[in-house]
Amino acid sequence: MDERRLIEDADSTLLDIVDNLLTKGVVVTGDVVLSLAGVDLIYLRVSVLLCAADRLLPPLPP
Amino acid sequence: MSPLYVYAVVDPGAAPPAVRGMAGEPLQVVPCGAVAALVGSIERAPELEAAALRAHDAAVRAIADGVAALLPARFGTVVAGTDALREGLEPRGEALQAALAEVRGREQMTLRLSAGEGSGDPDPGPAVAGGPGTRYLDARSGAGLRRRPQVARVLDGLRELVRAERVEPIDRPPLLGTVYHLIDRGGAAEYLARLETLRPEAPSLRMAASGPWPPYAFAEATGP
């Protein structure tokens, strides 16, 4: 799945999961990580934070 | 030797959990100096798909149920074998131990903040003295977000329940940022109830909380 689609199709729980799993968590130093093929983590980080925050927010109180 | 998928960093004496990994594989404990890693043998790195993300999160949550302290690994962390894993984690043993101590018996709540709609900023914080560099660093650290009067009232109101806090400002109005809170395990309902009582204190803030989560946001300070 393309990362744009992943974000566009996501519900709020998945967006929180994306934020937690792709931008947080222990990183084992880069040179020993084999691959996470085709994923641009920087792009994801920015997009996810913006999209997730927007969609997760409730409407303003009347 | 199969590559290893890393799920979490735990205390060195941890017993292998009766939890299966994303591919149904049994998990192994690999001692790495002052800490240990929980890993599963896999054939190839997972694709970035919703199902895989949910499976990773489910495995981490199941592991968390069986240990007092864990640092979740970032999705997609695959190493060639135990030597590569030790090489990556052993030099950071002290920092990882400190992070484990911080999250022990605790879990994460996520609080997303946005300004209400309309013209102008309804809740500006006091201006920061100094040049552009000072202002930039201040904004980046989240200090500016914490100084907004309504945000400060909410954070103060939650303080009693919060054991640690990470703030990620987002400089894109109306988005203000995300606050990650570490709370005692089992305290999510009380946290959410307290947040509800604080809404009148912050009439022009939009706030959305989720959790409890494994302490993902409290593991990253140990990364490179």
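The values are calculated or read from the model by the stated rules, or taken from the named source; none is laboratory data. Treat the numbers as computed from the prediction; the structure is a model and nothing was measured. Virtual Cβ from ideal backbone geometry, glycine too; neighbours counted across all protein chains shown.
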(message) If I filter region B:163-182 for residues that are at pLDDT 95 or above and assigned to a helix (DSSP H, G or I), do I get at least one hit?
(response) no
(message) Condition first: among the small types (Gly, Ala, Ser), assigned to a loop (DSSP other than H, G, I, E, B) and closer than 17 Å to B:Gly93 by Cα. Now tell me which residues in region B:1-52 satisfy that.
(response) B:Gly13, B:Ala14, B:Gly33, B:Ala34
(request) Only residues that are in contact with a Pro (Cβ under 7 Å, 6 or more places away or on another chain), modelled with pLDDT of 85 or more and either closer than 25 Å to B:Glu107 by Cβ or not in a helix (DSSP H, G or I) (or both): list them for region B:132-147, please. (result) B:Leu145
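For region B:78-95: of the residues being hydrophobic (A, V, I, L, M, F, W, C) and touching a Leu at 6+ places or on another chain (Cβ under 9 Å), which is surrounded by the fewest Cβ atoms within 10 Å (Cβ to Cβ)? Break it down stepwise before answering.
Within region B:78-95, the subset hydrophobic (A, V, I, L, M, F, W, C) is B:78-80, B:84-85, B:89, B:95.
From what's left, touching a Leu at 6+ places or on another chain (Cβ under 9 Å): B:78-80, B:84-85, B:89.
On the way: B:Val78: 21, B:Val79: 24, B:Ala80: 15, B:Ala84: 19, B:Leu85: 21, B:Leu89: 26.
Step by step, filter region B:78-95, then rank; the result is B:Ala80.
Can you find a residue that is among the β-branched types (Val, Ile, Thr) and either closer than 17 Å to B:Pro214 by Cβ or within 12 Å of another protein chain (Cβ to nearest Cβ) (or both) anywhere in region B:21-29?
Initially, region B:21-29 is screened for residues among the β-branched types (Val, Ile, Thr), giving B:29.
Remaining after also requiring either closer than 17 Å to B:Pro214 by Cβ or within 12 Å of another protein chain (Cβ to nearest Cβ) (or both): none.
No: region B:21-29 contains no residue that is among the β-branched types (Val, Ile, Thr) and either closer than 17 Å to B:Pro214 by Cβ or within 12 Å of another protein chain (Cβ to nearest Cβ) (or both).
For region B:41-57, which residues satisfy the criterion of being surrounded by fewer than 15 Cβ atoms within 10 Å (Cβ to Cβ) and facing chain A (nearest Cβ under 10 Å)? So that I can check it myself, show each step before the final result.
Within region B:41-57, the subset surrounded by fewer than 15 Cβ atoms within 10 Å (Cβ to Cβ) is B:43-44, B:47, B:49, B:51.
Within region B:41-57, B:Arg44, B:Glu47, B:Glu49, B:Ala51 meet the criteria.
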(message) Among the numbered criteria (1) crowded, with 21+ Cβ neighbours inside 10 Å; (2) more than 10 Å from chain A (Cβ to nearest Cβ); (3) under 19 Å from A:Asp16 (Cα atoms), which one does B:Phe75 miss?
(response) (2)
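In region B:117-131, is there at least one residue being modelled with pLDDT of 95 or more, touching a Pro at 6+ places or on another chain (Cβ under 7 Å) and within 14 Å of chain A (Cβ to nearest Cβ)?
Residues of region B:117-131 modelled with pLDDT of 95 or more: none.
Scanning region B:117-131 turns up no residue that is modelled with pLDDT of 95 or more, touching a Pro at 6+ places or on another chain (Cβ under 7 Å) and within 14 Å of chain A (Cβ to nearest Cβ).
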(request) Could you please give the count of residues in region B:174-224 that are surrounded by fewer than 17 Cβ atoms within 10 Å (Cβ to Cβ), within 13 Å of chain A (Cβ to nearest Cβ) and among the basic types (Lys, Arg)? (result) 1
(request) Take the residues in region B:96-116 that are assigned to a loop (DSSP other than H, G, I, E, B) and on the phi < 0 side of the Ramachandran plot, then tell me which one is farthest from the chain's Cα centre (by Cα). (result) B:Gly116
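Scan B:Val60, B:Val35 and give me the residue that is buried (at least 16 other Cβ atoms within 10 Å of the Cβ), within 9 Å of chain A (Cβ to nearest Cβ) and of a type outside the set (D, E, K, R). Give the derivation first.
Values: B:Val35 fails: within 9 Å of chain A (Cβ to nearest Cβ).
Only one candidate passes the filter, namely B:Val60.
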